[in-house]
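Q: Following this message is one structure expressed as structure tokens.
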Amino acid sequence: MERDFPIPSISVLRCFEAAAKHQSFTAAAEELGLTQSGVSRQVKELEDQIGAPLFRREGRGIRLTQAGKSLAEGVFSDLSRLRRTISQAVAAGGTQELLTIAALPSFATRWLVPRLKHFKELRPNLDLMVHSRSEPFDLVEEGIDVAIHFGANDWPGAKLSPLCPEDLIVVAAPSLLETSPVREKSDILNLPLLHMTSRSHLWKVFQQTVPGTATHVQVGSYFDRFSLVIAAAASGMGAAILPTYLIESELASRALVNLASIQDNSEHNYYLATPPGRISPPAAEFLTWIRGQVSRRVKPV
């Protein structure tokens, strides 16, 4: 028979969660609006209750022990579920409905969120909870109604439906083109090249469309987020290969100029992921709405 262990207070668990996430009592204190000693005291209370150290002190820093790592994994999930449960209860307590959405961080920031106002206008009694996620996860476990996924048609435990392909173009800032004009496609490869770390093959794909070029296209500057690549390109630092969805405003204002299109043969596309089984009416309305947004998009010239 399992022992009935007392449950630590929410404040204790939140302090541990923040300290484990940041690997720092100081950063955890800043997030929670507490003092560093206050966070340390709460974590010590949890360690006393569990009977094992949760952090290993290393100089001025801290690292999770094996016991701490095991506990952190469960606490992150449990507190996340508790927050969702409370949010859903708040929504259910009034006249509001709740729709939870997960999307790729850059796609959410630069394409989805600027359009959500229009969806809200159609459903004023619907509250939205938007999460940024980069990898597949358990939709049912996380309580997500709809997720937007980019990649292969592969998400275990979810129903995937195509949303749209990825339109990739080569872009550069006018300031760069003034000093390094592009008159032919091959001239693009003479520009400084900007790379997205996770998509570093794209310049090789582009080079294959320019016969007779021997440029070493893997040289240049690398960034681990699309937002950083976009900022670097807009500043005139170099040419970049980017999805049109992420740079609509830059193309419209001509902060970035479309130099060429490319076709990535990876067969990766955008998909809508929903939990298996019947989806809620708000989720169904959102799927219809977002497909309409994609079909009405205007491609840059």
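What follows draws every value from the coordinates through simple rules; no lab data is involved. Computed from a prediction, not measured in an experiment: that's the story for all the values here. Note that we place each Cβ from the backbone using ideal geometry, even for glycine, and neighbour counts take in every protein chain shown.
Q: May I have the pair-distance distribution P(r) for the stretch 10-87, computed from all Cα-Cα distances with 5 Å bins from 0 and rounded to whole percent?
A: Going out from 0 Å in 5 Å bins, the stretch 10-87 shows 3, 17, 28, 27, 17, 6, 2, 0 percent.
Q: Could you grab the relative contact order for the stretch 168-262? Cα pairs under 8 Å, six or more apart, rounded to a whole percent.
A: Values: 148 pairs, mean separation 48.9, N = 95.
Contact order relative to length: 52 percent.
Q: Ok, one more. Which three semi-axes in whole Å describe the equivalent ellipsoid of the chain, each the square root of 5 times a Cα gyration tensor eigenvalue, listed largest first? Don't skip to the answer; put the middle values down first.
A: Numbers: eigenvalues 360, 149, 60 Å².
So the three semi-axes of the chain are 42, 27, 17 Å.
Q: State to the nearest 20 debye the size of the charge dipole of the chain about its Cα centre, where the only charges are +1 on K and R beta carbons and -1 on D and E beta carbons. Could you put the intermediate results ahead of the total?
A: On the way: 31 positive and 31 negative charges, 81 e Å.
My answer is approximately 380 debye.
Q: Still on this structure: Net charge around Leu13, counting only other residues with Cβ within less than 11 Å of its Cβ (Lys, Arg = +1; Asp, Glu = -1)? Write out the running numbers ahead of the final one.
A: Working: positive: Arg14; negative: Glu17, Glu45, Asp78.
Local charge sum for Leu13: -2.
Q: Sort 283-293, 154-164 by the packing proxy (mean of other Cβ within 10 Å over each peptide's residues), most packed first. Show your work: numbers first, answer last.
A: Details: 283-293: 15.9, 154-164: 14.2.
Order by mean packing, descending: 283-293, 154-164.
Q: Using the charge dipole of the chain (Lys, Arg: +1 at Cβ; Asp, Glu: -1 at Cβ; taken about the Cα centre), state which of Leu168, Ser180, Leu71 has its Cα farthest towards the positive end.
A: Looking along the dipole axis, the top candidate is Ser180.
Q: So what's the Cα pair-distance distribution over the stretch 119-179, bin width 10 Å, in %?
A: It works out to 15, 32, 27, 16, 9, 1, in whole percents.
Q: Next question, about the same structure. How much FRET efficiency would the formula 1/(1 + (r/R0)^6) give for Gln66 and Cys164, where r is the Cβ-Cβ distance and R0 is 35 Å, rounded to 0.05? Don't skip to the answer; put the middle values down first.
A: Numbers: r = 44 Å, r/R0 = 1.26.
The calculated FRET efficiency here is 0.20.
Q: Output the relative contact order of the stretch 10-87, whole-number percent, from Cα pairs under 8 angstrom with separation of 6+ residues. Each step should come with its number before you reach the end.
A: Working: 72 pairs, mean separation 21.2, N = 78.
Here the relative contact order equals 27 percent.
Q: What do the square roots of 5 times the Cα gyration tensor eigenvalues come to for the stretch 1-53, in whole Å, largest first, as semi-axes of the equivalent ellipsoid?
A: Working: eigenvalues 102, 20, 17 Å².
One finds semi-axes of 23, 10, 9 Å for the stretch 1-53.
Q: Return a whole-number percent for the relative contact order of the stretch 76-211, with Cα pairs under 8 Å and 6 or more residues apart as the contact set. Working shown, then result.
A: On the way: 88 pairs, mean separation 29.7, N = 136.
Across the stretch 76-211, relative contact order equals 22 percent.
Q: With the cut-off at 18 Å, report for the stretch 36-172 the share of all Cα pairs above it, as a whole percent. Display every interim value, and only then the final one.
A: On the way: 6488 of 9316 pairs.
Pairs farther apart than 18 Å: 70 percent.
Q: Plugging the Kirkwood radius over Cα pairs into Stokes-Einstein for the stretch 168-262, at a temperature of 20 °C and a viscosity of 1.002 mPa s, what D comes out in µm²/s?
A: For the chosen part, D equals 165 µm²/s.
Q: How do Val130, Val43, Val75 rank when sorted from fewest to most other Cβ atoms within 10 Å of their own Cβ? Walk me through the intermediate numbers first.
A: Numbers: Val130 13, Val43 23, Val75 18.
Going from sparsest to densest Cβ surroundings: Val130, Val75, Val43.
Q: Dipole size in debye (nearest 20) for the stretch 71-211 around its Cα centre, Lys and Arg Cβ +1, Asp and Glu Cβ -1? The partial results should precede the final answer.
A: Details: 14 positive and 16 negative charges, 60 e Å.
Charge dipole of the stretch 71-211: 280 debye, to the nearest 20.
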